[in-house]
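Asks: Let me give you the structure first, and then I'll get to my questions.
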Amino acid sequence: MQPVSHEVIEKIVEASAYAPSWKNTQTARYIIIEETALKDRIAREAVMGFEWNTGIILGAPVLVVLASVPGKSGYEKDGAYSTSKKDKWEMFDAGIAAQTFQLAAHECGIGSVVMGIFDETQVKEILSLDDSLNVSALIAIGHPAVSPTVPARKSVQELLQYR
């Protein structure tokens, strides 16, 4: 398993810092897990028995825990919700951050797999994270061993509406 250099990781995060966010709050945080023991614990204790995620995590040199600062996306300065979407903007912003991270990784020749099936409480406990961060996603990264076939996509006609 070829490691991913800190220089490359920092380049990816630097590009990811330009991901749009609610009122430019920039709430995404990237926790880089290289320590084998921590990756093993997350893979075995925090993926809710989903063996696909276990295999992906154990096979990757780096696991990125994408976290978000809660209470900012979707809120006004006085703490009131800005829209009817309420606090769901936090996950929306995290999704934009994840995609930006993955596109930047690809540009650097790094493969990535985003994972959403995990026990947030377990991940936070394993990493000793407090309530100042919410865990939004897990992203395994590494140098790709193969170039996978792209799954079939829906046609533009199926996706697009003009009105």
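The values are calculated or read from the model by the stated rules, or taken from the named source; none is laboratory data. What you see is a predicted model, and the numbers here were worked out from it, not measured in a lab. Cβ: placed from backbone, ideal geometry, glycine included. Neighbour counts: every protein chain shown.
Asks: Only residues that are outside any strand (DSSP E or B), surrounded by fewer than 16 Cβ atoms within 10 Å (Cβ to Cβ) and either within 15 Å of the chain's Cα centre (by Cα) or not basic (Lys, Arg) (or both): list them for region 79-90, please.
Replies: Gly79, Ala80, Ser82, Thr83, Ser84, Asp87
Asks: Next question. Could you list, in sequence order, the residues of region 108-158 that are of a type in the set (S, T, N, Q), surrounded by 10 or more Cβ atoms within 10 Å (Cβ to Cβ) and within 19 Å of Val69 (Cα to Cα)?
Replies: Within region 108-158, Thr121, Gln122, Ser132, Asn134, Ser136 qualify.
For (1) touching a residue at least 12 places away in the same chain (Cβ under 8 Å); (2) touching a Leu at 6+ places or on another chain (Cβ under 9 Å), each residue gets a yes or a no:
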site: Pro20; (1), (2): yes, no
site: Ala28; (1), (2): yes, yes
site: Glu35; (1), (2): no, no
site: Gly49; (1), (2): no, no
site: Asn53; (1), (2): yes, yes
site: Gly59; (1), (2): yes, no
site: Val65; (1), (2): yes, yes
site: Asp87; (1), (2): yes, no
site: Phe92; (1), (2): yes, no
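Asks: When you look at Ala46, is it surrounded by 18 or more Cβ atoms within 10 Å (Cβ to Cβ), hydrophobic (A, V, I, L, M, F, W, C) and either within 18 Å of Phe101 (Cα to Cα) or under 17 Å from the mean Cα position of the chain (by Cα) (or both), yes or no?
Replies: Considered against the rule, which asks whether it is surrounded by 18 or more Cβ atoms within 10 Å (Cβ to Cβ), hydrophobic (A, V, I, L, M, F, W, C) and either within 18 Å of Phe101 (Cα to Cα) or under 17 Å from the mean Cα position of the chain (by Cα) (or both), Ala46 comes out as yes.
Asks: Looking at (1) of a type outside the set (A, V, I, L, M, F, W, C); (2) surrounded by fewer than 16 Cβ atoms within 10 Å (Cβ to Cβ); (3) part of a loop (DSSP other than H, G, I, E, B); (4) under 17 Å from the mean Cα position of the chain (by Cα), which is the one condition that is false for Gln26?
Replies: Of everything listed in (1) of a type outside the set (A, V, I, L, M, F, W, C); (2) surrounded by fewer than 16 Cβ atoms within 10 Å (Cβ to Cβ); (3) part of a loop (DSSP other than H, G, I, E, B); (4) under 17 Å from the mean Cα position of the chain (by Cα), Gln26 misses just condition (2).
Asks: Within region 142-163, is there a residue that is assigned to a loop (DSSP other than H, G, I, E, B), of a type in the set (Lys, Arg) and more than 22 Å from Gly95 (Cβ to Cβ)?
Replies: Yes: one or more hits.
Asks: Please find, within region 116-160, the residue that is farthest from Arg41 (Cα to Cα) out of those that are free of Cβ contacts under 8 Å to residues at least 60 places away in the same chain and of a type in the set (Ser, Thr, Tyr).
Replies: Taking the candidates together, the pick is Ser155.
Asks: Run Tyr18 past the list (1) crowded, with 16+ Cβ neighbours inside 10 Å; (2) at pLDDT 95 or above; (3) aromatic (Phe, Trp, Tyr) and report the number of the one that doesn't hold.
Replies: The number of the failed condition is (1).
Asks: Quick one: in region 33-78, of everything that is in contact with a Phe, Trp or Tyr (Cβ under 9 Å, 6 or more places away or on another chain) and assigned to a helix (DSSP H, G or I), which residue is nearest to Ala140 (Cα to Cα)? Step through it out loud before you land on a result.
Replies: Filtering region 33-78 down to residues in contact with a Phe, Trp or Tyr (Cβ under 9 Å, 6 or more places away or on another chain) leaves 42, 46-48, 50, 53, 64-67, 72-75.
Checking which are assigned to a helix (DSSP H, G or I) leaves us with 42, 53.
Numbers: Ile42: 12, Asn53: 9 Å.
Ranking the candidates gives Asn53 first.
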